[in-house]
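What follows is a single structure, written as structure tokens, with notes after it.
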Amino acid sequence: MNRIYVDNAATTKMSKTAINAMLPYLEENYGNPSSLHTVGQLAQEALVKAREQVAKALGAEPREIYFTSGGSEADNQALLTGAERGALKGKKHIISQKTEHHAILHLLRRLENQGFEVELLDVDGDGNVTPEQVRNAIREDTALVTIMTANNEIGTIMPIKEIAAVCKEKGVLFHTDAVQAVGHIPLNVADIGCDMLSLSAHKFHGPKGVGVLYVNKKLFPSTLIEGGAQERGRRAGTENIAGICSMAAALTEAVSKIDQNTPKLIAMRDRLISGLSEIPHSILNGAKTNRLPGNVNMCFEGIEGESILLLLDQKGICASSGSACTSGSLDPSHVLLAIGRPHEVAHGSLRLTLSEENTPEEVEYIIKTVKEVVEYLRSISPVWMDLQEGRREYVIQ
Ligand SMILES: *Cc1c(COP(=O)(O)O)cnc(C)c1O
């Protein structure tokens, strides 16, 4: 069967460019960059080049790029950096918001257990926070503000440039989890004015297990992994040269294609939204236009997200109910709850995340198939019957 992959927020297929950039470091150039001989020095040269390439794509300096094992590690390192620097000055207040990725939320919970005070801002119905909310929350003892650039479930793009400006004015460190945004919308760290930014290669057609923490040159990140002197002594462990070179190539390629891909993705996204909105008692999650070009997230009343996914999979469509990290648990998405969806509706969500490899024909097939699947599931749903017969009130009109 020809599969249609529309789960690109969970991970992406590696590009040919990314695979080819990796191969020399798996075959002949297998050296350890810390070795003084030629084989090691070839790897060292590749590392220097990759760091320059990543820096250029982000508008940063090479010394501001720290390679990590992915987005989660970069997020952890960023938060620990903010927390440890704050604690030294007696500042133990951290501001974030409710729809962050679990890599942020779970570490914040740990910091809370260690005596930090964490304040999670509410989002509006589109999943947005405002710079004013951040301004009002900042106190004398605020150590760090961390707000994601774009949400991984509902695609909402946050006003991070304005939030960064508020933080700068108040003298508070600002980190952004840009894992869903890098390579998909234009971003430049100097332009944003953030102190730290996280990204992950496998979200833009690079390999899994490699990412970056950008850290403004005026500060140094805390050390998460102790050991050798790699990454300026801030992240020990022999470098994943193949992964890093591949990420640099994937990032350069993704950034160079944003202008060309965006209109195509937006057209497919908006066609999916309008087609699926024809389903009665359905609703779009997230902002209508202020969202990632490839993100669609909808709720359908009266059905379970998991059962839609299984039936779609049988018809060759690989989709998601939201975050890959919450599937397997029975809790509804914290993101959908935060934008005000009640529990029973939050369970019936479907996330479709496109890449430039998807086609308008696939989009039409998805619309037709989702309509059939929702109709079938409703025909066997006791909840739907109650709604139809007036024993229960519709939540989605
Ligand atoms: C995928 C993702 C992460 C985690 O990145 P990994 O490289 O998988 O650890 C963090 N934040 C967001 C917003 C993500 O989408």
>> Restricting to the stretch 103-125, give me the number of residues that are within 28 Å of Leu284 (Cβ to Cβ) and surrounded by 16 or more Cβ atoms within 10 Å (Cβ to Cβ).
In response: 6
> What are the residues in the stretch 1-27 that are assigned to a helix (DSSP H, G or I) and either in contact with a strand residue (DSSP E or B) (Cβ under 8 Å, 6 or more places away or on another chain) or among the aromatic types (Phe, Trp, Tyr) (or both), if any?
Replying inline: Tyr25
> Can you name every residue in the stretch 192-205 that is within 15 Å of Ser72 (Cβ to Cβ), buried (at least 24 other Cβ atoms within 10 Å of the Cβ) and within 13 Å of the ligand (Cβ to nearest atom)?
Replying inline: Leu197, Ser198, Leu199, Ser200, Ala201, Lys203
> Any idea how many residues of the stretch 139-153 are away from the ligand (no atom under 12 Å from the Cβ) and either crowded, with 23+ Cβ neighbours inside 10 Å or in a strand (DSSP E or B) (or both)?
Replying inline: 4
> Can you pull out the residues in the stretch 206-230 that are within 16 Å of the ligand (Cβ to nearest atom), surrounded by 21 or more Cβ atoms within 10 Å (Cβ to Cβ) and of a type outside the set (A, V, I, L, M)?
Replying inline: Gly206, Pro207, Gly211, Tyr214
> Within the set of pairs 6+ apart or on separate chains, which have a first residue in the stretch 90-106 that is of a type in the set (D, E, K, R) and assigned to a strand (DSSP E or B), a second that is at pLDDT below 95 and more than 12 Å from the ligand (Cβ to nearest atom), and C-beta atoms under 9 Å apart?
Replying inline: none
> All but one of (1) touching a Pro at 6+ places or on another chain (Cβ under 6 Å); (2) within 15 Å of the ligand (Cβ to nearest atom) hold for Thr156; which doesn't?
Replying inline: (1)
>> I'm told Thr223 meets every condition in (1) in contact with a His (Cβ under 7 Å, 6 or more places away or on another chain); (2) part of a loop (DSSP other than H, G, I, E, B); (3) not basic (Lys, Arg) except one. Can you identify the failing condition by its number?
In response: (1)
>> Would you confirm whether or not the stretch 247-257 contains a residue that is without any contact (Cβ under 8 Å) to a residue 60 or more places away in the chain and within 21 Å of the chain's Cα centre (by Cα)?
In response: yes
> Scanning the stretch 167-191 for residues that are touching a residue at least 40 places away in the same chain (Cβ under 8 Å) and part of a helix (DSSP H, G or I), which turns out farthest from the ligand (Cβ to nearest atom)?
Replying inline: Ala190
> Is the stretch 192-211 home to any residue that is over 27 Å from Pro159 (Cα atoms), of a type in the set (Asp, Glu) and part of a loop (DSSP other than H, G, I, E, B)?
Replying inline: no
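Residues are listed down the side, and each one gets a yes or a no for (1) under 19 Å from Glu372 (Cα atoms); (2) surrounded by fewer than 16 Cβ atoms within 10 Å (Cβ to Cβ); (3) within 16 Å of the ligand (Cβ to nearest atom):
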position: Glu253; (1), (2), (3): no, no, no
position: Ser277; (1), (2), (3): yes, yes, no
position: Cys299; (1), (2), (3): yes, no, no
position: Leu310; (1), (2), (3): yes, yes, no
position: Gly322; (1), (2), (3): no, no, yes
position: Val335; (1), (2), (3): no, no, yes
position: His343; (1), (2), (3): no, yes, no
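The values are calculated or read from the model by the stated rules, or taken from the named source; none is laboratory data. This one's a predicted model, so the numbers in the text were calculated from it and none came from an experiment. Positions of Cβ are generated from backbone atoms using ideal geometry, with glycine treated the same way; all protein chains shown enter the neighbour counts.
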